[in-house]
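Asks: Here it is, the structure, as C-alpha cells.
What follows draws every value from the coordinates through simple rules; no lab data is involved. Values in this document were obtained by computation on a predicted structure and should not be read as measured data. Here Cβ is always computed from backbone atoms with ideal geometry, including for glycine, and neighbour counts include all displayed protein chains.
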Amino acid sequence: MKASKTPRLKRKLLYIFDRAFPFIMLGTWIRTKLASRRSSPKYDADRKEKIIRVVQTYNVPLSILLFFVGIVWILLLPYEGFNRTTYISENALLPGQVNVYFGYNDIRTAEDYRYQLTHQERQDSEVRATYIMNEFRGLGFDSALQRFNTSDDGMGVNAFAVYRAPRSDGKEALILSAPWQSRTGDYNTNGIAALLSLAKLFKRNVYWSKDIILLVTDKGMVGTRSWVDAYHGTGPASFSSLVMPRSGAIQGVVNLDFPGTQDYENLGIFFEGVNGQLPNLDLINTIVTVCTRTARVPLTLHDDSARPFNDKPWGPYVQSLLHMTRTMQYQALGHPSSDAGLYLRYKIDAVTVHGVRGSDNLHALFGFHKIGIMLESTFRSLNNLLEHFHQSFFFYLLLRPNRYVSIGDYMPPIILFACSLIFQSLALYYIRPSTAPGSPEKKAVASHAVTTNSSSSSRSVSSALTVMIVTHLMGFAIFYIMQTTSLLGYTANDSEALVVVQFALSCCIAVITVICTISSHRGGSRHATDTPNNGRTLKSFCLAFSGLVISTVSLLNFSLAVVTAVLIVLPYTFIRSSSSWIARVLQCVILTLISPPGLAALAVAVGGLPLSKLLSMLIEDYQVVGSWLLLYICVAYWPVNLAMQILVFT
C-alpha cells in the first residue's frame, strides 16, 4: 500500500508545481523590478518629494488639530466618565473607625478659650504669643516662643509646644497649627480656641504613638516659613541659635482656619502648595472619610459653597470644572493656597481645613463639637501611620472631595501641545520653501534643491542661535533687576514705587534688546545669501525651545505648562517674518498681548488689582515663599517672546 501511494503523491506534487511555476517566475520578476527601482536615485527623489509635499501641506493643520484635541481632552476631565472615585491606599490609617472622646467639657473649654482670645486679639504680637505659651505650659507641655523679623510689619512672634507621646521614641511627629490671621482677614479665633481645647484632650489620653507639635503662627506665611525653616535648621542664624523644643520627622500637618466666633456652613479643604506641589492624596482622603462617616460635616474644596447649577443635569460637571480651574490657578501662580502649603517644600504632607461661613443652610451649621470630633478622629488615623505617606498619588487633579484625575489621565494633553510645537520646528528646520507644492521644476531638480538647502541650513544657525542667547541673557538681567530690593536708593517704605520702577526698567531693557538685535541683524543680512532661511531657523529654535519647556515643566507643575501652552501654541504657529508693515504691526500687537507686560496689564484691568500690588506679590512669592514663577517668566517665557518679536522683522 505504501509503495502504491508514493508515486501518486509525487505526480500530484509535480502537477501543482507545473501549474504554479509561471506565477512563481512572475513574482520573482516583479520583486527584481521593484528592488532595482527602489535602489535608483530617481525613486529616492520621488519619495523625498512626496514626503516634503505632505509635510508642507499638512504640518500646520496637524499642529492646530493636536492643540484643539488637547484642549478638548482637558475639558473632558471633569466629566465623571473620565475621572475616578478616591480611595484609601494606606490600609493602616483606618479612618473613621475609632471612638472619639471630644465631648461637652471640651466644648465648654473651647468656648472659654474663645472668650479669652477675643481680648487677646487687641494686644501686640509679643503679648498674644506669651499668652499662648503660658496656656501650653499650664497644660504641661514643653513650650517656647520664636521671634522673627519681617520686611514690612516689624517683628512677629510664634508660640509652639511639643507633646511628648508616652508610647513614642520621639522620632516621628504630627503638627496641629493655627495662624492668628485667617485667610478672610479676620482673626482666627475659633481655630486657635479649638487648638487649645484639643491640646488639653491630647494630654489626658495615652494612646499616642507620635509626638504632637502645637503651633500658633504670626504674620501669615512669613511666620509659618520662619518656624519651618528654624525647625529644620535652614533659616537665618538667629533662628538656628534659638533653643527650641524639637521632635522627630514630621509625618503630617493639619492647619486650622476657622475665622470669627460663629458657626460654619461648610468645611473647605485647601491643599495646593508652592510651585504646584500637592500633598499625598491619602491625607485628603482621610479627612474626607472622617467628615463623611464620623463628624457628618458638609465638605467642599477651597471656600466655594455656592452651587447654582445643582438642579441642572450638567451641574456636577460645571462644579468640577470650576474646582479644577481654581486648583490650576493656584498651581500656575506657584502661590500656596494656605499656610500649610509651605510644609510641602520639605516633603511634609499638609492641608488646611477652613470653616466657610454662610446662611443658606442654617439647619446644617456646625461648631466646636463637630470640629473637635473631626480633628480628633483625623489625628487618631494619622497616629496609625507605620511610615511616611507614600502609597497614594502625589500628582493628581482633585475635582471634588471624592473625585480625582490621576497623572496618567491628564498628561496626554501636554504631550499633544509639545508635539504640536516640535512638529512645526522640525518641518521649518529641515524643509525649505524652494520646492513648494505645484512647482513646475522637474523632480530631479527639486530633489537637488532640497539637498542643497538642507546642506546650507547650517549657515543660518549662527544667526538664530545668537538671537536666542541675547534674549536669554536679557532675561537673566531682568530677573536680577526684579528681585533686587535696594535699587536706585529706594527704601523699604517705598516698596510699591520700587517695584514699579523695576518693572518699567525691565520693559525698557526688553525693548532696547529687540531694537538693537533687529538693527544688527539687518546690517549683517545685507551680505547674506540665505536671509529667508534665517527667519525659519529662528522660529524653529523658538518652537523647539517652547516645546521643551512645556514638556519639562509639566513634570513639576502641570498647570503652569497648560497655561503656557494655551497662551503660545496658536500665536507662535502663525507668527512669521513678513515684508508687509500691517502684518508686522498686527503680529507685534499679538506678541505684546501675550508678553509679561501685556499679561500684567490684563490682570490689572480684569482683577482690579493695582500694578504695584501685583508685582509686589510676585516678588514676595519668590523671596518669602520660594515660588519659581518670577524666574520662569524672566528666564524661559519672556526671552522666547522677544525672539518671536525679532522674528517678525527678519
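Asks: Give me the percent relative contact order of segment 94-401, please, defined on Cα pairs under 8 angstrom at least 6 residues apart. Working shown, then result.
Replies: Values: 612 pairs, mean separation 71.8, N = 308.
Contact order relative to length: 23 percent.
Asks: A further question on this structure: By counting other Cβ atoms within 10 Å of each Cβ, how are C419, C508 ranked from fewest to most? Walk me through the numbers on the way to the answer.
Replies: On the way: C419 17, C508 10.
Result, fewest neighbours first: C508, C419.
Asks: Would you mind ranking Y131, Y163 by Cβ crowding within 10 Å, fewest neighbours first?
Replies: Working: Y131 17, Y163 24.
If I rank by nearby Cβ atoms, fewest first, I get Y131, Y163.
Asks: Return the sequence-ordered ³J(HN,Hα) values of segment 198-203 in whole Hz as given by the Karplus equation 6.51 cos²θ - 1.76 cosθ + 1.60 applied to θ = phi - 60°, using x for Gly and Pro.
Replies: 5, 4, 5, 5, 4, 5
Asks: Could you derive backbone 3J(HN,Hα) for segment 503-515 from the dihedral phi with the Karplus parameters 6.51, -1.76 and 1.60 (θ = phi - 60°), listing whole Hz in sequence and x where the residue is Gly or Pro?
Replies: Once θ is set to phi - 60°, the couplings for segment 503-515 become 5, 5, 5, 5, 5, 5, 4, 5, 5, 5, 4, 5, 5 Hz.
Asks: Where does each of 556-562, 84-90, 253-259 land if you order them by average Cβ count within 10 Å, highest first? Don't skip to the answer; put the middle values down first.
Replies: Details: 556-562: 22.1, 84-90: 16.0, 253-259: 25.1.
Output ranking for 556-562, 84-90, 253-259: 253-259, 556-562, 84-90.
Asks: According to a simple spin-label model (label point 7 Å from Cα along Cα-to-Cβ), what is the distance in nm between R84 and V461?
Replies: Result for the modelled spin labels: 4.5 nm.
Asks: For the pairs K219/K370; K539/K613; K347/K539; K370/K613; K219/K312, note any where the Cα-Cα span goes beyond 32 Å.
Replies: K539/K613; K347/K539; K370/K613; K219/K312
Asks: Moving on. For M155, M644, M411, M328, what's the fewest-to-most ordering of other Cβ within 10 Å of each Cβ? Each step should come with its number before you reach the end.
Replies: Numbers: M155 13, M644 26, M411 16, M328 20.
Listed from fewest to most nearby Cβ atoms, that is M155, M411, M328, M644.
Asks: Another one. Quick check: from the Cα gyration tensor, does segment 94-401 come out rounded (a/c under 1.5), prolate or oblate? Before the final figure, lay out each step's value.
Replies: Numbers: a/c = 1.37, a/b = 1.29, b/c = 1.06.
Judged from the Cα gyration tensor, segment 94-401 comes out rounded (a/c under 1.5).
Asks: Given H placed 1.01 Å from N in the peptide plane, which residues other than close sequence neighbours of N266 have an amide H under 5 Å from its amide H?
Replies: V356
Asks: Next question. What net charge do the residues around G341 carry, taking every other residue with its C-beta under 12 Å from that of G341, with Lys and Arg at +1 and Asp and Glu at -1? Walk me through the numbers on the way to the answer.
Replies: Values: positive: R183, R225, R345; negative: E272, D339, D349, D621.
Spelling it out: positives minus negatives among the neighbours equals -1.
Asks: Would segment 98-238 count as rounded, prolate or oblate if I go by the C-alpha gyration tensor, calling it rounded below 1.5 in a/c and otherwise prolate when a/b exceeds b/c, oblate otherwise?
Replies: Oblate, because a/c is 1.5 or more while a/b does not exceed b/c.
Asks: Shape call for segment 549-622 from the C-alpha gyration tensor, a ≥ b ≥ c root eigenvalues: rounded (a/c under 1.5), prolate (a/b greater than b/c) or oblate? All intermediate terms of the calculation are to be shown ahead of the outcome.
Replies: Details: a/c = 2.97, a/b = 1.31, b/c = 2.27.
Verdict is oblate for segment 549-622.
Asks: Continuing with the same structure: Over segment 531-611, what is the relative contact order in whole percent, taking alpha-carbon pairs under 8 Å and six or more residues apart?
Replies: Details: 28 pairs, mean separation 14.9, N = 81.
Relative contact order for segment 531-611 comes out at 18 percent.
Asks: Each residue of segment 176-190 in order: what ³J(HN,Hα) in whole Hz does its phi give by Karplus 6.51 cos²θ - 1.76 cosθ + 1.60, θ = phi - 60°, with x for Gly and Pro?
Replies: Calculated HN-Hα couplings, in order: 10, 10, 7, x, 5, 10, 7, 5, 7, x, 7, 6, 7, 5, 5 Hz.
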